[in-house]
Amino acid sequence: MAAPMELFCWSGGWGLPSVDLDSLAVLTYARFTGAPLKVHKITNPWRSPSGTLPALQTSHGEVISVPHKIITHLRKEKYNADYDLSARQGADTLAFMSLLEEKLLPVLIHTFWVDAKNYVEVTRKWYAEAMPFPLNFFLPGRMQRQYVERLQLLCGEHRPEEEEELEKELYQEARECLTLLSQRLGSQNFFFGDAPASLDAFVFSYLALLQQAKLPSGKLQAHLQGLHNLCAYCTHILSLYFPWEGAEVPPPRQTPANPETEEEPYRRRNQILSVLAGLAAMAGYALLSGIVSIQRAPPAQAPRTRALGMAEEVEEE
């Protein structure tokens, strides 16, 4: 019997099954198609077989770490959300996917990873609290630098004096993109009728992050909140496909047999061990460097010495 496919992705927060754009898109597509995945929601990308998230380990042991390639593999395994689409709808899917990456992705990166207020109070705060020690000290900063580089690739290099004008232009184009998506969706449940397709998985992942995160600087979020059909669209998908993950109050913890929760006790144990190891390392450094020294004082009185010896014996036992 072939091993099950395993999906490694960032864990959830802000009322979403995952706080990461790519992880959320892959998770949503898998739910749409009913793909039988063993899901590992983690906060340490180094525990992924590829060292990045999301990552899919196939039943043959192959590891795929690019979202579009993960979805392509699921299609090859007969889990195809676009099976019933016409040629025209397939062309529309490609066009809207390009629109998302060109107009919405740059602003989404800017909102969560470049805007200083959002990054400090929302993005970095979540990752620093969720990641295990000591990764939480340096990995959020490294991720921010990677996203800034990705934004530069999408938008090109610009002089510092041009950045303010560029930001205005990007946000204006993103607002126009959201308005176009709202007009295209209309009163439908999904973009191509009553059944979800791959386009819905990607559109939902973009919109849900904007809708759910409590952003102190939410210029684009305010525009989205005014497009009521898009907000209802996200709420509908959350309640239908992620009834527990999308809830504000999480459900009671399941038994370890559930693959999405089976690693929680180990995570807590590893956090405690990491803290203890860090404290031991700091104490050892302090002793070896002479910052702290231990001196044995001569006994002052016989009765006190005896009492101290009893206390040491009790502690050792």
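The values are calculated or read from the model by the stated rules, or taken from the named source; none is laboratory data. Keep in mind that what you see is a predicted model, and the values were worked out from it rather than measured. Positions of Cβ are backbone-derived with ideal geometry, glycine not excepted, and every protein chain shown enters the neighbour counts. Please note that ligands, DNA and RNA were not included when accessible areas were found on the heavy atoms of the full protein model with its side chains. Shrake-Rupley method; radii C 1.70, N 1.55, O 1.52, S 1.80 Å.
Tabulated values for the structure
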quantity	calculated
Entries in K38/K214; K41/K103; K38/K125; K103/K219; K103/K168 that, when Cα-Cα distance is taken, lie over 18 Å	K38/K214; K41/K103; K38/K125
Shape call, the range 6-242: gyration tensor on alpha carbons, a/c limit 1.5	oblate
Exposure rank, largest accessible area first [H73, H236; 1.4 Å]	H236, H73
Area accessible to solvent at F138, 1.4 Å probe radius, in Å²	80
Cβ-based net charge around Y29, under 13 Å, with every Lys or Arg adding one and every Asp or Glu removing one	-1
Residues whose placed amide H lies under 5 Å from that of Y79, excluding near-sequence neighbours	none
Percent accessible area from carbon and sulfur atoms, the range 6-242, protein chains only, probe 1.4 Å	51
Cα shape, the range 110-156, gyration tensor, a/c 1.5 rule	oblate
By average C-beta atoms within 10 angstrom, highest first, the peptides 19-26, 227-234	19-26, 227-234
By accessible area with a 1.4 Å probe, ligands and nucleic acids excluded, highest first: order of D82, D200	D82, D200
For Q144, net neighbour charge (Lys/Arg +1, Asp/Glu -1) across residues whose Cβ lies under 15 Å away	+2
